[in-house]
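The values are calculated or read from the model by the stated rules, or taken from the named source; none is laboratory data. These figures come from a predicted structure and were not determined experimentally. Here Cβ is always computed from backbone atoms with ideal geometry, including for glycine, and neighbour counts include all displayed protein chains. Side chains are part of the model used for accessible areas, which takes the heavy atoms of the whole protein and leaves out ligands, DNA and RNA. Shrake-Rupley method; radii C 1.70, N 1.55, O 1.52, S 1.80 Å.
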Amino acid sequence: MHLTRDDTNPTIGAMGKFHRVKVELYGRFMLEDRTEHVCQIDEMSPGDALFTTEVMASTGERVIAYIDHIGRVEGHVERLVSGGFLLALIASDRKKNKIAAQLTWLANKHELDMPEDRRHQRIAPSNPISMLGMSDGREYPCRIIDLSISGAAVEIRMRPALNSQVVLGSMRGRVVRHFEEGIAIEFASVQSRETIEIAFEN
């Protein structure tokens, strides 16, 4: 089911109700019997997620999941559907806002046309909290939304000018896009996956 979204935030409608957006995310989930299973998320909002999986859960069952680009979520199975189930998420308002921001980024990512999106596999940093350094020495806290060996998207309040030289962690790069929650950065050179993982580990 494809639900209409507004132009600014595809996850929130005119009445403030959460709308699911189409995604293609992968992850794992754990049932109450503590067994773990793979899944794909086909639609998601800050309030629920549609899981496709070969393993059926029970209506009302508590599920904990780890979803690429989203992180840890939990909830209860609201209803079973063909090939999976709909999970009603249990989350604080802050967590729901973070999910909404991430889904907005995923829904609009093609419009940003980030070159690294087409070239390199995404990397999930073990610690998404980092610092963005400017050429004049100023530093600002930021949160990594998306990361690859050639660039990153970060959530940050300030907006450096396009083509500004910046340092994310220890990676030098330049600002190539602005979007609602932050900026997209293209690294000065393609990094190794190991270098990226070391730079952004806990």
**Message:** Looking at segment 59-76 only, could you name the residues that are among the hydroxyl-bearing types (S, T, Y) and part of a strand (DSSP E or B)?
**Reply:** Y66
**Total residues in segment 144-169, condition in contact with a Phe, Trp or Tyr (Cβ under 9 Å, 6 or more places away or on another chain), closer than 15 Å to S189 by Cα and open to solvent by 10 Å² or more (accessible area, probe 1.4 Å)** = 2
**Asked** Do you know which residues across segment 19-75 are under 16 Å from T104 (Cβ atoms) and of a type in the set (S, T, N, Q)?
**Response** S45
**Request:** Please enumerate the residues belonging to segment 57-110 that are within 17 Å of D33 (Cα to Cα) and among the polar types (S, T, N, Q).
**Result:** S58, T59
**Asked** Can you name every residue in segment 48-63 that is open to solvent by less than 20 Å² (accessible area, probe 1.4 Å) and aliphatic (A, V, I, L, M)?
**Response** A49, A57, V63
**Residue selected from segment 64-97 under the condition among the basic types (K, R) and under 20 Å from R28 (Cβ atoms), by the criterion most open to solvent (accessible area, probe 1.4 Å)** = R72
**Message:** Against the conditions (1) open to solvent by 30 Å² or more (accessible area, probe 1.4 Å); (2) at pLDDT below 75, where does D136 fall short? Just the number, please.
**Reply:** (2)
**Request:** Working only within segment 33-58, note down all residues that are in a loop (DSSP other than H, G, I, E, B) and either among the aliphatic types (A, V, I, L, M) or modelled with pLDDT of 95 or more (or both).
**Result:** V55, M56, A57
**Asked** Mind checking which residues of segment 139-159 are in a loop (DSSP other than H, G, I, E, B) and at pLDDT 90 or above?
**Response** I156
**Message:** Looking at segment 40-53, I want the residues that are without any contact (Cβ under 8 Å) to a residue 40 or more places away in the chain and have a partner that is of a type in the set (F, W, Y) with Cβ atoms under 6 Å, at least 6 apart or on another chain. Which pairs are those?
**Reply:** Q40/Y26; F51/F85
